[in-house]
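Reading through the structure tokens given below for one structure.
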Amino acid sequence: MSKQNFKEDLEKIRAFAFDVDGVLSSPKVYLSPEGELLRTMNTKDGYALQYAIKRGYPIAIITGGRSEMVGHRFANLGIEDIYLGASDKMKDFNEFRNKYGLEPGEILFMGDDLPDYEVMHACGVACCPADAVEEIKSLSVYISHIRGGEGCVRDIIEQVLRLHGRWMDGEAFTW
């Protein structure tokens, strides 16, 4: 995995894994009157996630957050591998890859903060949003020009699917 061979690395990708807070949602959270963390998410990220699943790519959500609403959001997009309350993200990453018989080099992971460090070091292509912390940026072979929660997931999924010739086919026009 190297920044010089980024597109070559993307050719090997067979699956995706993503953190939630700061990647799929804005780093800014709100509190409900009941104390639930409320997040904002980008619908373009949601579209890209469900489309990648239709195109045959396994996707994992690996987050330290425990929100059932977050779990429902991703389950409604067709994601089956949702790891909430992930205190050891490497354990969940390995469970995901073993389930699908994947080598670490075949998985792209996007994270934004220190709890993502080990997985990003182990995966095939480490990516992050524009506003990730410096330690994560230093590990990333691709830093999206888009901030977390604003479409950075769509950015990287679209790049991979375009490179694989799997973007904009007949299934692209339906949910």
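Just so you know, in the range 25-46 the residues that are part of a loop (DSSP other than H, G, I, E, B) and among the small types (Gly, Ala, Ser) include one that is modelled with the highest pLDDT, and it is 26. Would the range 34-53 turn up any residue that is farther than 27 Å from residue 163 by Cβ, touching a Phe, Trp or Tyr at 6+ places or on another chain (Cβ under 9 Å) and of a type in the set (Ser, Thr, Tyr)? Yes, because at least one residue in the range 34-53 is farther than 27 Å from residue 163 by Cβ, touching a Phe, Trp or Tyr at 6+ places or on another chain (Cβ under 9 Å) and of a type in the set (Ser, Thr, Tyr).
When the residues of the range 141-165 are filtered to those that are assigned to a loop (DSSP other than H, G, I, E, B) and within 16 Å of residue 8 (Cα to Cα), the one that is nearest to the chain's Cα centre (by Cα) is 141.
For the range 2-15, the criterion of a residue being among the hydroxyl-bearing types (Ser, Thr, Tyr) and touching a helix residue (DSSP H, G or I) at 6+ places or on another chain (Cβ under 8 Å) is satisfied by at least one position. The number of residues in the range 129-175 being among the β-branched types (Val, Ile, Thr) and modelled with pLDDT under 95 comes to 1.
Results for (1) surrounded by fewer than 17 Cβ atoms within 10 Å (Cβ to Cβ); (2) on the phi < 0 side of the Ramachandran plot, shown as yes or no for each residue.
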residue: 9; (1), (2): no, yes
residue: 15; (1), (2): no, yes
residue: 22; (1), (2): no, no
residue: 33; (1), (2): yes, yes
residue: 37; (1), (2): yes, yes
residue: 42; (1), (2): no, yes
residue: 45; (1), (2): no, yes
residue: 49; (1), (2): no, yes
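Tallying residues that are in contact with a helix residue (DSSP H, G or I) (Cβ under 7 Å, 6 or more places away or on another chain), under 19 Å from residue 37 (Cβ atoms) and basic (Lys, Arg) within the range 55-99 yields 1.
With respect to (1) of a type in the set (Val, Ile, Thr); (2) over 19 Å from residue 39 (Cβ atoms); (3) crowded, with 20+ Cβ neighbours inside 10 Å, the lone exception for residue 153 is condition (2). Evaluated against (1) at pLDDT 95 or above; (2) crowded, with 17+ Cβ neighbours inside 10 Å; (3) assigned to a loop (DSSP other than H, G, I, E, B), residue 78 falls short on exactly one condition, (2). Scanning the range 1-24 for residues that are hydrophobic (A, V, I, L, M, F, W, C) and either free of Cβ contacts under 8 Å to residues at least 60 places away in the same chain or in a loop (DSSP other than H, G, I, E, B) (or both) yields a total of 5. Among the residues of the range 118-138, those that are surrounded by 18 or more Cβ atoms within 10 Å (Cβ to Cβ) and either touching a helix residue (DSSP H, G or I) at 6+ places or on another chain (Cβ under 8 Å) or assigned to a strand (DSSP E or B) (or both) comprise 119, 120, 123, 124, 125, 126, 127, 128, 129, 136.
Output the residues belonging to the range 100-127 that are more than 19 Å from residue 87 (Cα to Cα) and in contact (Cβ under 8 Å) with a residue 40 or more places away in the chain. Scanning the range 100-127 gives 100, 102, 105, 106, 107, 108, 124, 125, 126.
The values are calculated or read from the model by the stated rules, or taken from the named source; none is laboratory data. Note that the coordinates shown come from a computational prediction; the quantities given were computed from them, not determined experimentally. Glycine also receives a Cβ, built like all others from the backbone with ideal geometry; neighbour counts cover every protein chain displayed.
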